[in-house]
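Novice: Pasting a structure below so you can have a look.
The values are calculated or read from the model by the stated rules, or taken from the named source; none is laboratory data. These figures come from a predicted structure and were not determined experimentally. Cβ: placed from backbone, ideal geometry, glycine included. Neighbour counts: every protein chain shown.
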Amino acid sequence: MSNAFFGKIDSILTFRLLPGMDIMDSIQKHCQDKNVKNGVILSMMGSVRGAKFLNPEPNEQSRMGYLYGEPIIMPDIVELVMATGFICHSEKDEILLHVHAVISDKDGNAFGGHLIPGNEVLITTDVVIGVISDVDMLRSLDEQVGLMAYAPRQSLTR
């Protein structure tokens with residue numbers, strides 16, 4: 001069984017991303033500007049000029065038998081139906097985002113995966129982040145799986 005920790009959502013950080021802004025870079029900048037290192041994306045939706053995301057694929061050289069493959073690129077205009085994720089930080093206090101999204105094409109076909117930089121806002125993208133206290137939402141190398149993974153711990157200030 002994994003460890004579980006209690007925390008609370010203290011406040012909400014919300015913003016609208018404007019046409020041409022990179023979604024991941026903009027979230028990163030807002031979190032840096034407001035010093036948000038522990039949070040959860042409660043809601044994110046909008047429109048995107050093309051989409052870039054990752055999904056796992058088999059890889060015999062990796063410890064777990066898979067790694068994230070090459071980016072999946074959808075060059076057309078798509079709808080960002082929803083996204084969720086964490087605002088974490090490293091042991092060095094670097095803000096690290098881990099975001100998964102569902103997008104749909106012009107025909108309503110849904111696709112999804114691990115959102116990466118390079119997703120440009122078409123008309124708008126609206127973001128609501130819950131800012132968490134009492135839990136350090138760390139992300140660090142998990143030796144067992146050989147990848148960066150969520151590694152929460154109880155905050156020392158609790």
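Novice: Taking Ile123 and the conditions (1) touching a residue at least 40 places away in the same chain (Cβ under 8 Å); (2) surrounded by 14 or more Cβ atoms within 10 Å (Cβ to Cβ), which numbered condition does it fall short on, given that it satisfies the others?
Specialist: Only one criterion is unmet by Ile123, namely (2).
Novice: Of all residues in region 24-38 being at negative phi and not in a helix (DSSP H, G or I), which is surrounded by the most Cβ atoms within 10 Å (Cβ to Cβ)?
Specialist: Checked region 24-38; the qualifying residue surrounded by the most Cβ atoms within 10 Å (Cβ to Cβ) is Asn38.
Novice: Please pick out the residue among Gly20, Gly46, Gly50 that is surrounded by fewer than 12 Cβ atoms within 10 Å (Cβ to Cβ), touching a residue at least 24 places away in the same chain (Cβ under 8 Å), outside any helix (DSSP H, G or I) and among the small types (Gly, Ala, Ser).
Specialist: Gly20
Novice: Tell me, yes or no, whether region 58-65 has at least one residue that is modelled with pLDDT under 95, part of a strand (DSSP E or B), out of contact with any strand residue (DSSP E or B) (no Cβ under 6 Å at 6 or more places or on another chain) and not basic (Lys, Arg).
Specialist: No: zero hits.
Novice: Now a separate question. Within region 102-109, is even one residue closer than 15 Å to Asp25 by Cα and surrounded by 14 or more Cβ atoms within 10 Å (Cβ to Cβ)?
Specialist: no
Novice: Kindly provide the set of residues from region 124-141 that are charged (D, E, K, R) and either part of a strand (DSSP E or B) or within 16 Å of the chain's Cα centre (by Cα) (or both), ordered by number.
Specialist: Asp126, Asp136, Arg139
Novice: Being small (Gly, Ala, Ser) and outside any loop (DSSP other than H, G, I, E, B) is the filter; apply it to region 101-123 and report the residue that is nearest to Ile77 (Cα to Cα).
Specialist: Result: Ser104.
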